[in-house]
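The values are calculated or read from the model by the stated rules, or taken from the named source; none is laboratory data. These numbers come from a predicted model, not from an experiment. All Cβ positions, glycine included, derive from the backbone under ideal geometry; neighbour counts span all protein chains shown. Each accessible area value is taken on the protein alone, full model and side chains, heavy atoms only, with ligands, DNA and RNA left out. Shrake-Rupley method; radii C 1.70, N 1.55, O 1.52, S 1.80 Å.
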Amino acid sequence: PEVGDVLPGDDGVDAQDQGGEAGLEGQSLKRICRARGIACISVRDLNSAKVGTFLKDRETDLVVFTGGGLIRRNILALPRLGVLNCHAGLLPRYRGMDVVEWAILEAQAEPETGLTLHFMDPGVDTGPILLKEPMRARAGEDLARLRTRMEERMPFLVLEGVRGLKEGRLKPTIQVSEEGRQYFVIHPRLRRAAERRLAAIRGP
């Protein structure tokens, strides 16, 4: 099947530059795709009929979701293997929003922070788990730096998952809903409390 990219944004408008750290300064994802012969479309709605047609026409095996809203059933059902998402939290315990901050607030000692690569389903971070990578907060690290370090690791975890699926080394594990809970956007006052608690951690 042909590889393609679906970019959130206005139809016909190049996505913002994304590749500075990869040595691709000055190029949008759309231009990179064109240069490599990769099919690419820009859409306002990732759940639109245009996206559905794009995926169906290419008999898509796997979709990697990199953010931009929720994916609905009409798109989730199209790829043969499913839709992968890298969540900034350890599933199943921490589902939903701002789970880095919630994990820090709830921790009695070391916060349960890390990344989870999972298949998406109609729920919020409830799909089968493929890979998990715990990450410890470091001494002197604030929330912004911790989140940045987690985001920098996400592409590598995604690549590991895609390769593992291709080679048959990885099998998803169904989540047990009772083993976790869904969190919502944290209040600024609680975020500041998490920042203070993080500042007190003495990491390696």
Discussion item. Taking the condition of being within 20 Å of Ile71 (Cβ to Cβ), out of contact with any Leu (no Cβ under 8 Å at 6 or more places or on another chain) and at pLDDT 90 or above, how many residues in the stretch 1-46 meet it?
Written reply: 4
Worksheet item: Out of all the residues in the stretch 128-166, which are in contact with a strand residue (DSSP E or B) (Cβ under 8 Å, 6 or more places away or on another chain), hydrophobic (A, V, I, L, M, F, W, C), open to solvent by 30 Å² or more (accessible area, probe 1.4 Å) and over 26 Å from Glu195 (Cα atoms)?
Response: Val162, Leu165
Fill in: Yes/no for Arg169 being open to solvent by 100 Å² or more (accessible area, probe 1.4 Å) and either of a type in the set (Gly, Ala, Ser) or more than 23 Å from Lys132 (Cβ to Cβ) (or both)
no
Discussion item. List pairs: first residue in the stretch 117-132 and closer than 12 Å to Arg95 by Cα, second residue open to solvent by less than 40 Å² (accessible area, probe 1.4 Å) and among the charged types (D, E, K, R) anywhere in the structure, Cβ distance under 8 angstrom, at least six positions apart or on different chains.
Written reply: His118/Asp125; Val124/Arg95; Asp125/Arg95; Thr126/Arg95
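Restricting to the stretch 134-165, name every residue that is more than 19 Å from Gly67 (Cα to Cα) and under 19 Å from the mean Cα position of the chain (by Cα).
Initially, the stretch 134-165 is screened for residues more than 19 Å from Gly67 (Cα to Cα), giving 134-143, 145, 163-165.
Across the stretch 134-165, the qualifying residues are Pro134, Met135, Arg136, Leu143, Arg145, Arg163, Gly164, Leu165.
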Worksheet, complete the sentence: The correct count of residues that are open to solvent by 80 Å² or more (accessible area, probe 1.4 Å), part of a helix (DSSP H, G or I) and closer than 19 Å to Glu112 by Cα in the stretch 172-204 is 6
Worksheet, complete the sentence: Contact list, first residue from the stretch 49-66 and closer than 12 Å to Leu78 by Cβ, second anywhere and loosely packed, with under 14 Cβ neighbours inside 10 Å and among the basic types (Lys, Arg), beta-carbon distance below 8 Å, six or more apart or interchain, is Glu59/Arg80; Thr60/Arg80; Asp61/Arg80; Leu62/Arg80
